[in-house]
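These notes are about the structure you will find just below.
The values are calculated or read from the model by the stated rules, or taken from the named source; none is laboratory data. Nothing here was measured: the structure is a model prediction, and the numbers come from that model. Using ideal geometry, Cβ is built from the backbone for each residue, glycine included, and neighbour counts are taken over all protein chains shown. Protein only, heavy atoms only, side chains kept; ligands, DNA and RNA dropped before computing areas. Shrake-Rupley method; radii C 1.70, N 1.55, O 1.52, S 1.80 Å.
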Amino acid sequence: MKDYKRTLVTAALPYANGPVHIGHLAGVYVPADIYVRYLRMRGRDVLFVCGSDEHGVPITIKARQQGCSPQDIVDKYDKIISDSFKGFGINFDVYGRTSSKIHEETASEFFKKLYDSGKFITKTTEQYYDPEAKTFLADRYIVGTCPKCGNPDAYGDQCEKCGSTLSPEELINPKSKLSGAEPIKKETTHWYLPLQDYEQWLREWILDGHKEWRSNVYGQVKSWLDGGLQPRAVTRDLDWGVPVPVEGAEGKVLYVWFDAPIGYISNTKQLLPNDWEKWWKSEDTKLVHFIGKDNIVFHCIVFPSMLKAYGDGYILPDNVPSNEFLNLEGDKISTSRGWAVWAHEYLEDFPGKQDVLRYVLTANAPETKDNDFSWKDFQVRNNSELVAIFGNFVNRAVVLTHKYFEGKVPAAGKLEAIDREALDEIPALRASLEKNLENYRFREALKDAMSMARVGNKYISDTEPWKVAKTDMARTGTILNVCLQICADLAIAFEPFTPFAAEKLRKMIDSPLEWDLLGREEILPAGHQIGAAELLFEKIEDDAIQAQLDRLARIREEREAAAKAAAAAEAAAHVEPQKAEVTFDQFEAMDIRTATVLEAERVPKTDKLLKLTIDTGIDKRVIVSGIAEYYTPEQMVGKQICILANLAPRVIRGIESKGMILMARQGDGKMRIVSPEEALVNGATIG
C-alpha cells in the first residue's frame, strides 16, 4: 500500500432543492466525517471538501412551483444543509457552491479545454419541446400516465408511484409541466463525452487495479462496463446552470453531472487559490470519494473519464466508499412523499443528542446492503448501549474517584489478573479499530470502540470498588486507576463517532486527544485532578419516540388517503364504452316519463332496496329500486324522477315492481337520479 503524504476527502455534493435527511447522513456524511476525524487524530495531512450542488432541472421546477427564482431556492437550502452539517459536527474545510463565480470559471475552463482538444462529439437529436413556453423540456418537465401502473402523474424519467424508470416516449398522453401543452419533437444539437473511448482504460484501472473496492461499487462499475459504454451528454437546453462557453451554444448550459463533480476542484480553489494543485495533481495525494450508491457511475466512470480526457496530471480516486440505501420504518425514504427524518428537524426535536443519531446511523450503516432505521431501535441503542454501558461506566468511575480520592487519580498498586486482563484488551481492540477505519469498515470500527466501553463496564461491575473500599482503600485506588485509564481510552476511541460526548469526557477527566496514547496503561498520571461527573448521555423516554412514530403515522395515513382519493377520482373518470347501436324504432318503443314519488320505505331485510309508490300521471304504481345506499326514504318523498314506464313487471322480494328509475352511474359506482331541470306534470314523455 502506497504511503501518501496527504489525503483529499470529498463528500458528495448534496442537491440544494431540499434539506438532507438521515439517509444522506448514513450514506455519505457521517462515514466521511468519521474517516477525516480519525486521519487528523493520526496526524495525517487532510483536506475535507464538500459543497452544494445547485444546478439542474429539479431546482428550476421547485422555483416555478414556489414562484421564485432558482437562486432563491439554492440560497434557502444551502443554508439549511450547511447548518445541519455543522449541527452534527461535520466540519468541512470548505463548503462551496456550484452557483459561485469561481465554480463557473473552473467548469467553463474545463469544458473549453476538452472542446478545444476535440474530446467531445456532437449529436443532433429530436427532443421534446413545449410550443407554448417555447423551450426544450427536460424529462422531469414532462408528465403523463405511467404505462406500467396507470399513475396519471408520472414523470418523463420515473414513475414515483411504482418506481419504474421511464422515458418520455413511454408516457401515455404526455404534457408539459410548464404550460400543459402537448410537447412536440424538435431537433437540437448537444456535445457528448464518448465514454466508450475510455472503456478499456477504465477496465484496467478499476477491474484490474482496484479489486479491494467495496463489492457494490466494483460490481456496479463492472456491470456498466460489461454492458458497453455510450456517449454521454455534457450539455442541456436550460436557462439555469453554467452557460456553455462556446459560440453557437446560446440557451445551453453544462449538464449537471458534468458540472457538479468539478465542484470538488472549484471548492478547493476557493479555499486554496495558490495551493490547490498539490491536492489534485500530486501523486503524493490520496483521493477518497464518499458517495451514495446512486452516484457510483458518475464518480467511478464519468468523472474519471473527464479527468483522463483533461489530462494535466489530475489524480484519480484511490477508493470510493459507497453505502447502500437506508430505509425508514420498513419503507423507502422518499422526499417527495415526506417519508424521511430531516437532519435539521432532528436537531430541533432532540437538542444535544447529535451523537445519538451519529452512533445509531453508524451502528446500523448500510455498508453492504440496504438497512432500516427504526425509532424503537434508536431508543434501545441509546438507552441500552450509550447510557447503560458507555455512560454508566464513565459516571461510576468519576463519581467514585471523587467520593474516595477527592477527584484525584489514585495510584495503581500491584495489578491483579483481572486488572491485567482488562487493560490488555484495549491494545487488541485498538489494532482492530485502526484496521477497520483504514479500510472504511466504520460499523465494525464502532463495535471495537463500544467493546472498549463494555470492557470497562464489566471490569468495574466485577471488581465492585464500592464494596472493596470498605476494607481495602489501596486496592480500591488500583481499580479506579484502571477505570480512569480506560475512560481516557474511550475519550480517544469515540472521538470519530461521538465527538460531542468524547469532548465532554476529555474535559471531565482532563485527558489529551492523542491517538498514540490509546491503549497505554498510564494516560492519566497518579494525582491528576479530574472534574466533576456529568452525564454523557441521557435516556430517551417513550413519549419522545411516540411523537416521531405518530408523525410518520400521519404521513402514511395522508399518503394512503391521497392514494385512495386518486384511485377514486381515476375510477370516477372512467367512462363505460358505448353499447351496441339501436334503431330509432327500438328507442321509440321505450316509454320514458316523469313521475313523482308519493311514498318511500326500505324493503325489510335488505340494505339496498327502497319500495317507492309513484304517481306517473297515468296511474299510481310501485317500483322497487336499489338506491338505498344513495338516498334515504325521506329524501325520495316528493322528488320528481324519470322512469321507464313500459318495462315488463318483475317481482322483487315478493313485491311487484312496475318500471325502472333512470339513474346516472359513474366509474366509481356513484349513482344519481336523473330528474327534469324544472318540475313538469307527471306523465310528461321524454324522447
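A few comments on the model shown:
- For peptides 14-22, 615-623, sequence by mean Cβ density within 10 Å, most packed first: 14-22, 615-623
- Rounded if a/c under 1.5, otherwise prolate or oblate - the stretch 139-198, Cα gyration tensor axes: oblate
- Accessible surface for the chain, divided over its residues, is 46 Å² per residue with a 1.4 Å probe.
- Comparing THR285, HIS344, PHE303 along the charge dipole axis of the stretch 268-363, the residue lying farthest to the positive side is PHE303, per the Cβ-charge model.
- In order through the stretch 341-346: 3J(HN,Hα) via Karplus (6.51 cos²θ - 1.76 cosθ + 1.60), integer Hz, x for Gly, Pro: 10, 7, 4, 5, 6, 4
- Pairs exceeding 28 Å between alpha-carbon atoms, taken from LYS101/LYS186; LYS353/LYS447; LYS101/LYS308; LYS5/LYS113; LYS62/LYS564; LYS564/LYS639: LYS101/LYS186; LYS5/LYS113; LYS564/LYS639.
- The chain: angle of helix 70-87 to the longest principal axis, Cα-based, in degrees nearest 10: 40
- Adding -39500 (n - 2.57) for every DSSP H run of four residues or longer, then dividing by how many residues the chain holds, sets the calculated 222 nm ellipticity at -11500 deg cm²/dmol.
- The stretch 207-354 shape via C-alpha gyration tensor axes, a/c threshold 1.5: rounded
- Dipole-positive endmost among GLY43, TYR141, THR106 within the stretch 40-170 (Cβ charges, Cα centre): GLY43
- Interchain or long-range residues, amide H under 5 Å from SER52's placed H: GLY96, ARG97, THR98
- C-alpha long axis of helix 30-41 to longest principal axis of the chain, angle in °: 10
- The amide H of GLN158, built 1.01 Å from its N in the peptide plane, has LEU166 as neighbours under 5 Å, considering only residues 5 or more places off or on other chains.
- Potential extension, ILE555-THR165 segment - 0.36 nm per residue separation minus Cα distance: 137.9 nm
- Take 527-539, 352-364, 432-444, 482-494 and order them by the average number of nearby Cβ atoms within 10 Å per residue, most first; the result is 482-494, 352-364, 432-444, 527-539.
- Label of the coordinate-derived value, Cα extents along the principal axes in Å, listed as [x] 75, 67, 48; [y] 117, 78, 42; [z] 87, 68, 48: [y]
- Residue-by-residue Karplus 3J(HN,Hα) for the stretch 267-283, coefficients 6.51, -1.76, 1.60, Hz, glycine and proline x: 5, 5, 4, 4, 6, 10, x, 9, 9, 6, 5, 5, 7, 10, 10, 10, 5
- Amide proton proximity set for PHE373, modelled H, under 5 Å, gap of 5+: ASN327, LEU328, GLU329, GLY330
- Cα-centre dipole for the chain with unit charges at Cβ (Lys and Arg positive, Asp and Glu negative), debye to 20: 780
- The HN-Hα couplings worked out from phi for the stretch 639-646 by the Karplus form 6.51 cos²θ - 1.76 cosθ + 1.60 (θ = phi - 60°) are 7, 8, 10, 10, 10, 8, 7, 9 Hz, whole numbers, x standing for Gly and Pro.
- Solvent-accessible area, 1.4 Å probe, carbon plus sulfur percent, for the chain: 48
- Overall form of the stretch 40-129 per C-alpha gyration tensor (a/c, 1.5; a/b vs b/c): oblate
- Angle in degrees between helix 57-66 and the longest Cα principal axis of the chain, rounded to the nearest 10: 60
- Cysteines having no other Cys beta carbon under 4.7 Å from their own, within the chain: CYS50, CYS68, CYS300, CYS483, CYS487, CYS642
- Put simply, when 30-43, 400-413 are sorted by average Cβ atoms within 10 angstrom per residue, most first, you get 30-43, 400-413.
- Qualifying GluC sites (Glu not before Pro) in the stretch 580-687, DSSP loop, other Cβ atoms within 10 Å at most 15: GLU581, GLU629, GLU677, GLU678
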